[in-house]
1. Could you give the dipole magnitude of the chain about its Cα centre, charging the beta-carbon of Lys and Arg +1 and that of Asp and Glu -1, in debye to the nearest 20?
2. Tell me the mean residue ellipticity at 222 nm calculated for the chain from its helices only (DSSP H runs of n ≥ 4, each -39500 (n - 2.57), averaged over every residue, nearest 500).
3. Find which of 136, 16, 112 sits farthest along the positive direction of the dipole of region 1-159, computed with +1 on the beta-carbon of Lys and Arg, -1 on that of Asp and Glu, about the Cα centre.
4. Can you flag which of 64/133; 15/113; 15/82; 39/78 are past 31 Å Cα-Cα?
5. Enter the Cα centre distance for the pair region 211-231 and region 19-56, rounded to the nearest angstrom.
6. With a 10 Å cut-off between alpha carbons and a GNM built on the chain, which of 52, 211, 36 moves the most?
7. Which entry in (1) 0.94; (2) 0.99; (3) 1.14 is this structure's computed Cα Rg over 2.2 N^0.38 Å?
8. If you take the charge dipole of the chain about its Cα centre, with +1 on Lys and Arg Cβ and -1 on Asp and Glu Cβ, which of 226, 152, 55 is farthest toward its positive end?
Amino acid sequence: MAIARRWWFYKAFLKVEFSGSAPTLGWRLRSLLKGHPSKGLVMLEDRAYREHDYFSFTLERRRKATYNLRLAQAFFNKLDQKLWLDCVMPSVAPPTTHYLAGRKLISLADNGKILELNALLQLLAEKGELFLKPAGEGKGKGAMRLVQMPDCIVVNGNRVEPRQWLDGFSRQNPSGYIVSDIIAQGPWSEAFFPRTLNTLRVLTGTHFSDHRPVFLAATMKMGRPATYPADNWQSGRGGMR
């Protein structure tokens, strides 16, 4: 049973590793031996790589599934994050305004007012720009930035007729998307790459003795033209961190 479980998580790792190109063939071979994506291994310091001072992909997934799978599913769902932060710290909650469920547009204000999917185009016309992303996905998967133009809309940099885009989007059964306003970043982060929202991710924990918050690590994520509209380096298109 333990061997079958390990193989199941190793197959999940293989799917991630072969979803894109590797830095080199040598790094791909190393990744297959260590059970960790090559794009992550190549970024490690020499000491961390030699001493295996990191959590491998397969180990992290096994532990998450064993100890906190349901909790992780709740906290990593972006709609859950929004609703939770609205209660405990609304000042940092993402500007999510609507949710797509079963081809219905649900307002997170107005007592959950239910609109038809067509209302998405009207909302875009009012706002000028919108950001759409699957609530249960990460790494930039499925992210879309919509920009209203006088004669069309622009979806991730591509001009398209609004009704044509909406018809194609609806055929994908887009249940589970969150709809957000665009966040205007400050000049410091915008200087790295202005077309994506570049983010500083801070990893925190609690001290084992008195449970005070402690800072463990920080990473700056920056987009580039190939990653637009997200800054994710793991999307297979070459973001930076």
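1. So the magnitude is around 1100 debye.
2. About -10000 deg cm²/dmol.
3. The one lying farthest along the dipole's positive direction is 16.
4. Result: 15/113 exceed 31 Å.
5. 20 Å
6. Top of the fluctuation ranking is 211.
7. Given (1) 0.94; (2) 0.99; (3) 1.14, the structure-derived one carries the label (3).
8. Toward the positive end, the furthest listed residue is 55.
A short reminder: the numbers here are calculations on the coordinates, not readings from a lab. The structure presented is a predicted model; accordingly, all values stated were derived computationally and were not measured. Positions of Cβ are backbone-derived with ideal geometry, glycine not excepted, and every protein chain shown enters the neighbour counts.
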